[in-house]
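Visitor: The structure that follows is given in the form of structure tokens.
Nothing in this text is a laboratory measurement; each read-out follows from the coordinates by a stated rule. Values in this document were obtained by computation on a predicted structure and should not be read as measured data. No Cβ is skipped: glycine too gets one built from the backbone with ideal geometry, and neighbour counts run over all protein chains shown.
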Amino acid sequence: MAKKKRNPSPKPIASTPYTSVDLAPESNSEQRAKKSLGSSVASALGMPSEIGRGDWTAIILTLMMFFAPALGVPNEEMLQDTLKSIIVSFMALSAMLLLFWRQRNRREGFRWHALMWIPLALMAYALGSMAWSHTYLGGVEAVRWFVFAIIVWLTLNTVNKERFDTLLWGIHLGAFAVALLGASQFWFDVRFIPQGPNPAATFVNRNFAAEFMACTLTASAYLLARSRSTAPLAFLSFSFAFNILFMLMCGTRSAMTGGALALAGFAIALVLYRQKFAFMAWSSGKRILVAGLFLATLVGLGFIKAGNPSIELAGMNAWQHGMGRASTISVNDGSFGIRLIMWKATMRMIEARPLSGVGAGAWEVDIPLYQASGSQLETDYYVHNEILQLLAEYGLVGWLVLIALLSYLLLATWRTVFNRSEEGLNEAPLRVVALGSLLAFLTVSNAGFPWRLAATGALFAIALGVLAASDARLGYRGWASSTRLPWKPVYSQVAAVSMIVCLALASYITQQAAECEQKIVRAVKMALGVSQGKDYNNPKYDKIKASLVQSLKEGTDINPHYRKITPMVADEMAKWGDWKNAIWIWESVVSSRPYVVAILSNIARGYASLGNNDKAIEFLERAKKLQPKAASVRSLDIVLKSRTGHEPEAAALAKSSMDEGIYDFDMVNAAYVLGVRSGNWKLAIQGMELRNVNWKEQAPDAYLKIGSIYASQLKDDGKALEAYRKALELSPDKEAVRKQVPANLLAKL
């Protein structure tokens, strides 16, 4: 029986060089693609195209970029970015698993790009630094860069031009959801999600929300310029303007600067590539609709005053708030001043460890070693400058990565601007969106830490992946561009199993993180509740105190490296006089962060209060090695010297410290006590005078003490009367002051 003649089967979509154009499945599809796309793309034959139909990766990435910013925790028992990190990690790993499952029999290679070496190099360094630096923090960094690499690779291999538009819708709608909630906080003081500085929407801080928003503006502008129908145009005009308005409500200066730069660049691209956008074909009615709705949103809603009393410049509208914040940029600005302190300390760290770095994630551990002399408090847990933190932590690897990243972005910009071929012009709008987002991202990176935040970090990875995919479609090959990654079915199968293991591990880590944060935050809330009651030593709080100690122990058993919140509980316990429990909490922090002078001083003070002078001196010596001129260290040294029979030395140290301007509240009080005990009345008076200057609420008591010294010891009635008069003037309880004035001076008073 003769065999039935079959038509030659079409080549799979994966074999075509350019899948952003819908190609018919005829056998001559490759020739059609060459004819329509030109010789430059034809030179890319042999480069794998984006994975075709049936793949869910782009949809999962789109959902990830919507849900990560849009969702928040409605209580304080999990940090907002912990939830966002969970969303990004699970969706990235799930997308990878589904891709390898569907490609389990794949023999054709995948795409690879030079950009992939950036996160992989950082991940390798982080893993290595676990052996010699902070193990836990290095592991966290390695996981972060692993997830980042996955997102770049998925975008490179699955996001074509059509899917790119879908992905941008996810980014834009996620940003719009943030803006809606943030505006409700600005206008109506909505408290659905607990957070720090308002209006932060689903983020913990308004700066984080604004930084994310700045990175999405070119995506929103692209969608608007590409739309043709009236309904999408109306929605995008309103929502795009609303997102900009929310940035003004936040008043984050770096975000406003980054967003403005990105939009300025995109405006130039609209002129250069105007034929590639739909706005050139808009009717006059559509142009009036877009411009009118955009301006009406910015102007009409922009002049509604804030109804949230906690917002800085409360009572102002969005424009006043945004422009008011922008006008405060100066060297003397408090926020900038704190950042400047951190940047200077970080530059000293870079100078000290230029090649090895201090280890991935270890900036917050080592920064006390590089703070200015006399500094006693950590200013923050991050540098608020990602470039400096990268160089400080990763050393030579950080330098190489930074140079490679900036060099590639300059190359990508050059390719975008000067590739005037038809296929180059078709790709240019996509590349401009990615480059604009990266411009905003790198701008805010100089004043914040967006690389470490889940939503902005994912957007960073996607932007790099978009550029890498575009390079592959345009046929850019070589060490600085794309290449083919050889593949066998067994690779997909092993990778799929690995992703299952990663998802199981991520589930365990998520459960542990959620339980840990819940227990620690619950302990903090209970401790603050007891302190608010004022009578915190009342037996009625005994059960609550026992419960919070148990909750905190369980939380720190899960994660003993939780630096940010646990000291808050210890500080409250110290108020109650519960030094024993306060000490073990502080010591748990010091075991992971051994150079925090303030906590070392607190531990020494706690042991001194319990009468264990040997342990107190041990921790004092550790603090003195780090910051011998810190006020808390000097103060504690004086207290311990006076308690161990060295009062003359203590008095001399108090005198010299106050003369140098190194003192705190405890020191000036100790100086008064030492002066009274030794008859050194000048020392006692100096202590109280400094207390009057810096702790004005204590002034009535201090003036009474000064008056008493002049009246009873120095026999100077004139100065005694002057001090008593000031005490009487400043005290709300005049009668109480009069009762402490000697009878012979009361009449004159």
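Visitor: Relative to the present Cα-Cα distance, how much length would full extension add between residue 124 and residue 296 at 0.36 nm per residue of separation?
Guide: 56.8 nm is the gain from fully extending residue 124 to residue 296.
Visitor: To continue, here is another question. Counting only C-alpha contacts under 8 Å and six or more residues apart, can you give the relative contact order of region 473-603 as a whole percent?
Guide: 20
Visitor: Given 0.36 nm per residue, what is the gain on full extension from residue 407 to residue 505 after removing their alpha carbon distance, in nm?
Guide: Full extension of this stretch gives 31.7 nm more.
Visitor: Oh, and also: For residue 722 and residue 280, compute 0.36 nm times the residue count separating them, minus their Cα-Cα distance, and round to one decimal in nm. All intermediate terms of the calculation are to be shown ahead of the outcome.
Guide: Numbers: separation 442, 0.36 × 442 = 159.12 nm, distance 8.05 nm.
Difference between extended and current length: 151.1 nm.
Visitor: If R0 is 56 Å, what FRET efficiency do you get for residue 615 and residue 289 from their C-beta distance, rounded to 0.05?
Guide: That pair, residue 615 with residue 289, gives E of 0.15.
Visitor: Right, next: For residue 446 and residue 323, what does the FRET efficiency come to when R0 = 22 Å and r is the distance between their Cβ atoms, rounded to the nearest 0.05?
Guide: So the FRET efficiency works out to roughly 0.55.
Visitor: OK, next. Whose amide H sits under 5 Å from the amide H of residue 308, counting only residues 5 or more places off or on another chain, with H placed in the peptide plane?
Guide: Placed amide hydrogens put 189, 315 under 5 Å from residue 308.
Visitor: If you fit an axis through the alpha-carbon atoms of helix 454-474 and take the longest principal axis of the Cα set of the chain, what angle between them do you get, 0 to 90°, nearest 10?
Guide: Compared with the principal axis, the helix lies near 30 degrees.
Visitor: To the nearest Å, what is the center-to-center distance of region 596-659 and region 481-546, using C-alpha atoms only?
Guide: Their Cα centres are 37 Å away from one another.
Visitor: Take the alpha carbon gyration tensor of region 686-738, find the square roots of its eigenvalues, order them as a ≥ b ≥ c, and report rounded if a/c is under 1.5; if not, report prolate when a/b exceeds b/c, else oblate. Intermediate results must be reported in sequence, preceding the final value.
Guide: Working: a/c = 2.28, a/b = 1.19, b/c = 1.91.
Here region 686-738 falls in the oblate category.
Visitor: Moving on. How big is the C-alpha Rg of region 445-544 next to the rule-of-thumb value 2.2 N^0.38 Å, as a ratio?
Guide: Computed over Cα atoms of region 445-544, the ratio equals 1.96.
Visitor: Tell me, how many Å apart are the Cα centres for region 348-366 and for region 124-163?
Guide: For region 348-366 versus region 124-163, the Cα centre distance is 20 Å.
Visitor: Here's a follow-up. Over what distance in Å are the Cα centres of region 398-445 and region 41-107 separated?
Guide: 22
Visitor: Rounded, prolate or oblate: pick one for region 525-611, where a ≥ b ≥ c are the square roots of the eigenvalues of its C-alpha gyration tensor, a/c under 1.5 means rounded, and failing that, prolate if a/b is larger than b/c, else oblate.
Guide: Values: a/c = 2.09, a/b = 1.32, b/c = 1.58.
Since a/c reaches 1.5 but b/c is at least a/b, the shape of region 525-611 is classed as oblate.
Visitor: What distance in nm lies between label points placed 7 Å from Cα along the C-beta direction at residue 105 and residue 647?
Guide: Between residue 105 and residue 647, the label points sit 9.3 nm apart.
Visitor: If you don't mind, another one. Note down the nm distance, to one decimal, between modelled labels 7 Å out along Cα→Cβ at residue 738 and at residue 422.
Guide: For residue 738 paired with residue 422, the spin-label model returns 10.0 nm.
Visitor: Same structure, new question: By its C-alpha gyration tensor, with a ≥ b ≥ c as the square roots of the eigenvalues, how is region 261-365 shaped: rounded for a/c under 1.5, else prolate for a/b larger than b/c, else oblate?
Guide: Values: a/c = 3.71, a/b = 1.58, b/c = 2.34.
In terms of gyration-tensor shape, oblate.
Visitor: Evaluate the distance, in nm, between pseudo-label points positioned 7 Å from the Cα of residue 656 and of residue 348 along their respective Cα→Cβ axes.
Guide: 2.1
Visitor: When only C-alpha pairs under 8 Å and at least 6 residues apart count, what is the relative contact order of region 44-487, in percent?
Guide: Relative contact order for region 44-487 comes out at 25 percent.
Visitor: Please identify which residues in region 681-700 have an amide N closer than 18 Å to a label point set 7 Å out from the Cα of residue 372, following the Cα→Cβ vector.
Guide: none
Visitor: Equivalent ellipsoid semi-axes for region 44-487, as square roots of 5 times the alpha carbon gyration tensor eigenvalues: give them largest first, rounded to whole Å.
Guide: Numbers: eigenvalues 202, 193, 78 Å².
Its equivalent ellipsoid spans semi-axes of 32, 31, 20 Å.
Visitor: Still on this structure: Rounded to the nearest 10 degrees, what's the angle between the helix 334-352 long axis and the longest principal axis of the chain, both from Cα atoms, 0 to 90?
Guide: Approximately 80 degrees, to the nearest 10.
Visitor: To the nearest 500 deg cm²/dmol, what mean residue ellipticity at 222 nm is calculated for the chain from DSSP H runs of n ≥ 4 alone, each contributing -39,500 (n - 2.57), summed and divided by the residues?
Guide: -22500 deg cm²/dmol
Visitor: Separate question: Can you tell me, using C-alpha contacts under 8 Å and at least 6 residues apart, the relative contact order of the chain as a whole percent?
Guide: 14
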